[in-house]
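Below is one structure, written out as structure tokens, with a few remarks after it.
Each reported figure results from applying straightforward, stated rules to the coordinates on display, with no laboratory input. A quick note: this is a predicted structure, and the numbers were derived from the prediction, not measured. Glycine gets a Cβ as well: all are built from the backbone with ideal geometry, and neighbour counts include every protein chain shown.
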Amino acid sequence: MLQRIKKFPVFERRHDRRLLFTKNLTPKRSFFAEALLKDKGEEYRAWDVSRSKLGAAIKKGASQIGIKEGDTVLYLGASHGFTPSYVSDMVGKDGFVFCLDFAPRVVRDLVFVCEERENMAPILGDAAHPEAYKDLIPEEVDVVFQDIAQRNQVEIFLKNCDAYLKSGGFGLLALKARSVDVSKNPKQIFAHVRRELESHKGLTVVDYRDLYPFEKDHAMFICKKK
């Protein structure tokens with residue numbers, strides 16, 4: 001039997017340390033060989049959190065994730081679409097997920113996922129230049145989610161939050177410490193990044209989670225725009 005986690009549109013099974021579940025927006029369709037589960041007449045997709053920073057943050061007890069039914073999400077670093085497909089389930093048919101990646105090879109795979117899900121759209125673009133896709137994104141979104149392993153990933157995140165995140169919206173930054181500076185201790189980097197985010201005008205860090213053991217040297221920063 002599944003139970004909802006807090007107010008999140010995400011479910012879990014008691015004593016299951018690895019899996020979460022989302023209500024399947026496309027019943028009987030599996031995209032990444034994930035298991036499908038029936039519970040109380042509804043179908044759910046199993047979500048392996050060892051493959052997802054967002055899933056790992058939820059499993060690590062994130063107090064809020066900012067993603068709810070009906071939200072519009074700008075997902076930066078969408079890759080093949082694994083985690084974005086679960087965000088698609090979370091926001092539901094009244095929400096929408098703009099999925100951006102700069103690698104043509106992975107965007108080709110992403111297109112196939114988006115074709116099956118009416119609330120997802122692929123964008124081939126560089127997140128470091130948010131002005132380049134301004135004609136494709138609404139003026140404001142409810143959530144900016146970023147999973148980009150680049151040295152200047154914090155700068156990219158802040159640019160997109162400034163450009164697209166609405167007041168009261170949430171920005172989620174999945175930070176890979178080794179991509180920022182391989183010579184420093186990850187905990188030092190996490191502390192520095194937190195200070196940088198908190199010093200940015202208009203943003204407040206409302207939660208932070210080290211993603212170990214699901215992801216080594218990764219952390220999730222959850223911010224809210226004032």
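Results, tabulated for the structure shown:
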{"quantity": "Region 176-201, residues that are in a helix (DSSP H, G or I), touching a residue at least 40 places away in the same chain (Cβ under 8 Å) and under 21 Å from residue 66 (Cα atoms)", "calculated": "196, 197"}
{"quantity": "Those strands (runs of 3 or more DSSP E) lying entirely in region 90-175 with at least 3 residues of a type outside the set (Ser, Thr, Tyr) and within 27 Å of residue 7 (Cβ to Cβ)", "calculated": "96-101, 141-146"}
{"quantity": "Test: residue in region 60-72 that is in a helix (DSSP H, G or I), within 17 Å of the chain's Cα centre (by Cα) and not basic (Lys, Arg)", "calculated": "no"}
{"quantity": "Selection count where residues are free of Cβ contacts under 8 Å to residues at least 60 places away in the same chain, over 11 Å from residue 174 (Cα atoms) and in contact with a helix residue (DSSP H, G or I) (Cβ under 7 Å, 6 or more places away or on another chain), scope region 205-226", "calculated": "1"}
{"quantity": "Qualifying positions in region 180-203 - within 12 Å of residue 224 (Cα to Cα) and either touching a Gly at 6+ places or on another chain (Cβ under 6 Å) or surrounded by 13 or more Cβ atoms within 10 Å (Cβ to Cβ) (or both)", "calculated": "197, 200, 202, 203"}
{"quantity": "Hits in region 202-222 (condition: part of a loop (DSSP other than H, G, I, E, B) and either more than 17 Å from residue 49 (Cα to Cα) or among the charged types (D, E, K, R) (or both))", "calculated": "202, 215, 216, 217"}
{"quantity": "Condition broken by residue 198, with the remaining ones in (1) touching a strand residue (DSSP E or B) at 6+ places or on another chain (Cβ under 8 Å); (2) within 17 Å of residue 130 (Cα to Cα); (3) among the acidic types (Asp, Glu) satisfied", "calculated": "(2)"}
{"quantity": "Residue list for region 31-49, restricted to those being under 20 Å from residue 114 (Cβ atoms), in contact (Cβ under 8 Å) with a residue 12 or more places away in the chain and not in a strand (DSSP E or B)", "calculated": "31, 32, 34"}
{"quantity": "Tally, over region 143-158, of residues that are more than 17 Å from residue 83 (Cβ to Cβ) and within 17 Å of the chain's Cα centre (by Cα)", "calculated": "4"}
{"quantity": "Qualifying residue in region 141-153 (condition: under 22 Å from residue 226 (Cα atoms) and either exposed (fewer than 13 other Cβ atoms within 10 Å of the Cβ) or small (Gly, Ala, Ser) (or both))", "calculated": "no"}
{"quantity": "In region 80-104, residue surrounded by the most Cβ atoms within 10 Å (Cβ to Cβ) [restricted to those that are of a type in the set (S, T, N, Q) and in contact (Cβ under 8 Å) with a residue 60 or more places away in the chain]", "calculated": "88"}
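Rundown of residues vs (1) under 23 Å from residue 168 (Cα atoms); (2) surrounded by fewer than 24 Cβ atoms within 10 Å (Cβ to Cβ), yes/no style:
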| site | (1), (2) |
| --- | --- |
| 54 | yes, no |
| 57 | yes, no |
| 62 | yes, yes |
| 68 | yes, yes |
| 73 | yes, no |
| 106 | no, yes |
